[in-house]
């Protein structure tokens with residue numbers, strides 16, 4: 001993409017453009033404007049000062065242009081002069097681009113007018129100049145001056161693009177049947193104009209199909225580091241090597257636009273043009289400390305009186321300004337190679353962040369030869385360089401790996417960030433192809449290990465679902481990397497551009513090109529059905545029965561070998577085991593609570609048991625020395641919650657945990673017990689919501705809000 005672009009759109013607004021043809025739901029004009037809006041909104045979205053646009057209306061009821069006095073330029077209207085299009089201009093355009101009541105107006109005269117506008121605006125400046133002619137080719141066209149017009153376009157390095165609604169295009173494979181004679185002649189004349197001016201000619205159907213493919217933003221290369229790449233210290237050793245280099249982005253993460261915070265102004269309508277009803281939300285920060293003598297127990301303090309603290313675990317550690325140099329390395333800007341290692345010793349998972357490229361300093365032949373020698377030496381030895389980068393003085397150092405990259409067009413070093421030892425987390429997992437017993441014996445055949453038949457069946461299934469088509473030469477990849485786009489990035493970008501032109505209409509569905517990779521190709525699914533059925537058979541896959549739900553679910557209780565009913569003996573003396581006048585022993589709370597839940601058909605008995613467990617948990621917290629009893633209290637709370645979920649008594653647990661939170665807030669359980677609330681949130685022991693138990697009347701959002709509330 002050029003630094004400066006000048007684009008002029010000539011849009012046919014004649015009466016015939018308002019008609020619907022070939023069973024399309026849109027008129028020719030609305031159908032064509034999809035392409036125009038895609039182009040124009042992309043210019044506004046990019047927001048580049050050097051990107052200017054003009055709009056000319058062809059076959060309009062009125063005549064308004066700077067060449068109308070010369071004759072031959074009737075029914076042509078300058079809708080938008082060449083300038084940067086911003087949101088106000090973009091919002092006004094849709095109201096001006098509508099079908100008129102006439103078909104008079106010469107397309108060739110509109111092209112000549114566009115050429116004159118471009119040359120007056122661009123003069124001798126380096127612009128990429130383009131003219132887009134959008135028409136259905138049904139109006140009159142004076143073809144006498146085609147050769148002179150084409151010569152003028154070519155002489156001024158202007159690219160002319162003619163896009164016609166239902167124009168014949170053999171390369172695309174479209175041909176309109178029963179085409180009117182005048183349209184046939186107009187297509188021939190416009191095609192001749194394009195061929196003589198080395199322009200682009202196509203049918204609108206192909207252009208509309210092309211806009212479904214997201215635009216890839218090409219950014220201008222800006223060096224992120226300029227300096228010397230060193231091998232050794234030149235101030236100490238005469239044999240040290242220094243190469244003048246520049247560092248550029250090669251691959252960088254593209255992030256979607258972020259939303260800004262706005263509110264509707266007081267008294268303003270909810271929807272207004274150009275965002276006149278919105279006001280920016282501005283943040284104000286205040287700092288306070290505890291002070292019992294101040295109102296509400298807090299006193300505001302200015303920011304200047306605050307001291308910096310560094311987190312050490314969950315504790316804030318204060319470091320005075322005089323000691324700040326302890327936390328900062330006194331570094332100097334440099335890029336120093338600290339060693340070389342074989343390329344196979346670098347694992348792919350070690351690479352961090354974006355990828356950069358290191359090239360020699362521009363117009364510096366000595367640096368180019370030196371860097372080229374280093375690149376070829378690394379390539380021939382199969383090695384990479386480990387380097388230490390400090391972008392500027394006092395900046396944090398970075399470890400990088402420099403890999404050689406050689407093509408016909410460029411030689412450079414590819415830079416990837418490396419983690420420090422403290423950044424690595426090593427996790428060990430058991431092997432997948434063998435089992436090591438406690439005694440150290442290695443088993444290669446086990447019920448948890450895949451058999452040869454299972455591995456063969458899985459291999460056949462994977463081969464049948466291959467995304468590489470081997471029927472053609474060379475093999476074609478179904479989802480090539482250049483055909484994959486970020487759904488998040490381009491969906492948000494498309495929504496912004498569509499809303500800019502259609503502020504009140506619902507957003508269109510997502511593009512198929514974004515959704516296609518999220519679905520299995522139907523032909524592959526059909527081809528792999530036999531392999532999948534065989535895999536299911538070999539794997540002995542069985543359907544897991546759905547989890548039963550019911551208010552009185554009972555668990556299966558194993559009977560003792562002696563046949564002695566211990567529960568009946570324990571319940572002896574109560575009224576059929578349903579009496580609520582029982583007490584759970586705090587020293588044996590969990591077994592006794594579970595015994596109650598073995599027979600959950602007595603609601604009063606269950607309710608009493610939950611209340612007693614809540615009291616026991618509160619006593620544990622209140623009497624805890626520091627965090628001594630927290631683990632036991634959390635275990636009890638977790639058991640109560642699990643039982644209440646299983647037996648659909650969620651309201652009793654929710655009542656328990658609400659009361660517990662209230663007492664923690666009021667510091668009624670032995671003082672400040674915020675640490676317990678932190679552990680409760682960590683173990684996700686909040687309210688039971690309706691997604692976890694059907695009996696709950698608490699929504700998922702309410703449960704989340706309950707946990708987010710701070711003590």
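The values are calculated or read from the model by the stated rules, or taken from the named source; none is laboratory data. In this text, all values refer to a predicted model and were calculated from it rather than measured experimentally. A quick note on method: Cβ atoms are made from the backbone with ideal geometry, for glycine too, and the neighbour counts reach across all protein chains shown.
Give the residue that is modelled with the lowest pLDDT, with candidates limited to residues of the range 274-288 that are under 22 Å from residue 88 (Cα atoms) and surrounded by 12 or more Cβ atoms within 10 Å (Cβ to Cβ). Give the derivation first.
Here is the first cut: in the range 274-288, the residues under 22 Å from residue 88 (Cα atoms) are 274-281.
This time we only want the ones that are surrounded by 12 or more Cβ atoms within 10 Å (Cβ to Cβ), so: 274-275, 277-279.
Details: 274: 53, 275: 58, 277: 69, 278: 73, 279: 79.
So, considering only residues that are under 22 Å from residue 88 (Cα atoms) and surrounded by 12 or more Cβ atoms within 10 Å (Cβ to Cβ), the one modelled with the lowest pLDDT is 274.
Assess whether residue 126 counts as being modelled with pLDDT under 90, surrounded by fewer than 20 Cβ atoms within 10 Å (Cβ to Cβ) and farther than 22 Å from residue 59 by Cβ.
Working: modelled with pLDDT under 90: yes; surrounded by fewer than 20 Cβ atoms within 10 Å (Cβ to Cβ): yes; farther than 22 Å from residue 59 by Cβ: yes.
In short, yes.
Right, residue 5: closer than 25 Å to residue 254 by Cα and surrounded by 15 or more Cβ atoms within 10 Å (Cβ to Cβ) or not? Step through it out loud before you land on a result.
Details: closer than 25 Å to residue 254 by Cα: yes; surrounded by 15 or more Cβ atoms within 10 Å (Cβ to Cβ): yes.
In short, yes.
Listed residues 332, 336, 422; which is on the phi < 0 side of the Ramachandran plot and in a loop (DSSP other than H, G, I, E, B)? First the steps, then the outcome.
On the way: 336 fails: in a loop (DSSP other than H, G, I, E, B); 422 fails: in a loop (DSSP other than H, G, I, E, B).
Unique residue meeting the criteria: 332.
Which ones in the range 65-87 are assigned to a loop (DSSP other than H, G, I, E, B) and surrounded by fewer than 15 Cβ atoms within 10 Å (Cβ to Cβ)?
As a first pass, look at the range 65-87 and keep what is assigned to a loop (DSSP other than H, G, I, E, B): 65-67, 71-75, 84-86.
Once the filter is applied, which keeps residues that are assigned to a loop (DSSP other than H, G, I, E, B) and surrounded by fewer than 15 Cβ atoms within 10 Å (Cβ to Cβ), the range 65-87 yields 66, 71, 72, 84, 86.
Regarding residue 54, is this residue outside any loop (DSSP other than H, G, I, E, B), touching a residue at least 60 places away in the same chain (Cβ under 8 Å) and surrounded by 20 or more Cβ atoms within 10 Å (Cβ to Cβ)? Walk me through how you get there before you give the answer.
Working: outside any loop (DSSP other than H, G, I, E, B): yes; touching a residue at least 60 places away in the same chain (Cβ under 8 Å): yes; surrounded by 20 or more Cβ atoms within 10 Å (Cβ to Cβ): yes.
Yes, satisfied.
Can residue 701 be described as assigned to a helix (DSSP H, G or I) and surrounded by fewer than 13 Cβ atoms within 10 Å (Cβ to Cβ)?
Values: assigned to a helix (DSSP H, G or I): yes; surrounded by fewer than 13 Cβ atoms within 10 Å (Cβ to Cβ): yes.
In short, yes.
Considering only the range 362-382, I want to know if a residue exists there that is assigned by TED's automatic domain parsing to the domain that holds residue 235, closer than 20 Å to residue 243 by Cβ, in contact (Cβ under 8 Å) with a residue 12 or more places away in the chain and assigned to a strand (DSSP E or B).
no
Please verify whether the range 396-413 includes one or more residues that are buried (at least 16 other Cβ atoms within 10 Å of the Cβ) and farther than 20 Å from residue 344 by Cα.
Within the range 396-413, one or more residues are buried (at least 16 other Cβ atoms within 10 Å of the Cβ) and farther than 20 Å from residue 344 by Cα.
Looking at 675, 635 in this structure, which one is part of a helix (DSSP H, G or I) and either touching a strand residue (DSSP E or B) at 6+ places or on another chain (Cβ under 9 Å) or over 27 Å from residue 605 (Cα atoms) (or both)? Reasoning before the result, please.
On the way: 635 fails: either touching a strand residue (DSSP E or B) at 6+ places or on another chain (Cβ under 9 Å) or over 27 Å from residue 605 (Cα atoms) (or both).
None of the others qualify; the one that does is 675.
From the residues in the range 509-534 that are outside any helix (DSSP H, G or I) and over 18 Å from residue 486 (Cβ atoms), which one is nearest to the chain's Cα centre (by Cα)? Write out each step before concluding.
Start the filter on the range 509-534 by keeping residues that are outside any helix (DSSP H, G or I), which leaves 509-511, 519-521, 528.
Next, from what is left, pick out any that are over 18 Å from residue 486 (Cβ atoms): 520-521, 528.
Numbers: 520: 21, 521: 23, 528: 31 Å.
Ranking the qualifying residues of the range 509-534, first place goes to 520.
In the range 331-349, which residues are touching a strand residue (DSSP E or B) at 6+ places or on another chain (Cβ under 9 Å) and exposed (fewer than 14 other Cβ atoms within 10 Å of the Cβ)?
In the first step, residues of the range 331-349 are kept if they are touching a strand residue (DSSP E or B) at 6+ places or on another chain (Cβ under 9 Å); the result is 331-343, 345-346.
Hits for the range 331-349 are 332, 338, 339, 341, 342, 345.
Limited to the range 287-307, what total is found for residues that are within 25 Å of residue 678 (Cα to Cα) and in contact (Cβ under 8 Å) with a residue 12 or more places away in the chain? If you could, list the steps in order and put the result at the bottom.
Just the residues of the range 287-307 that are within 25 Å of residue 678 (Cα to Cα), to begin with: 287-291, 296-298.
Those still in the list that are in contact (Cβ under 8 Å) with a residue 12 or more places away in the chain too: 287-289.
Summing the residues that are within 25 Å of residue 678 (Cα to Cα) and in contact (Cβ under 8 Å) with a residue 12 or more places away in the chain in the range 287-307 gives 3.
Just checking, which of 469, 459, 464, 451 is surrounded by 10 or more Cβ atoms within 10 Å (Cβ to Cβ), over 30 Å from residue 399 (Cβ atoms) and in contact with a strand residue (DSSP E or B) (Cβ under 9 Å, 6 or more places away or on another chain)? Can you show your working first?
Working: 459 fails: in contact with a strand residue (DSSP E or B) (Cβ under 9 Å, 6 or more places away or on another chain); 464 fails: in contact with a strand residue (DSSP E or B) (Cβ under 9 Å, 6 or more places away or on another chain); 451 fails: in contact with a strand residue (DSSP E or B) (Cβ under 9 Å, 6 or more places away or on another chain).
Only one candidate passes the filter, namely 469.
Does the range 449-472 include one or more residues that are part of a helix (DSSP H, G or I) and either in the same structural domain as residue 356 (by TED's automatic domain parsing) or under 30 Å from residue 210 (Cβ atoms) (or both)?
Filtering the range 449-472 for residues part of a helix (DSSP H, G or I) gives 452-464.
Applying the additional criterion that residues be either in the same structural domain as residue 356 (by TED's automatic domain parsing) or under 30 Å from residue 210 (Cβ atoms) (or both) yields none.
No: the range 449-472 contains no residue that is part of a helix (DSSP H, G or I) and either in the same structural domain as residue 356 (by TED's automatic domain parsing) or under 30 Å from residue 210 (Cβ atoms) (or both).
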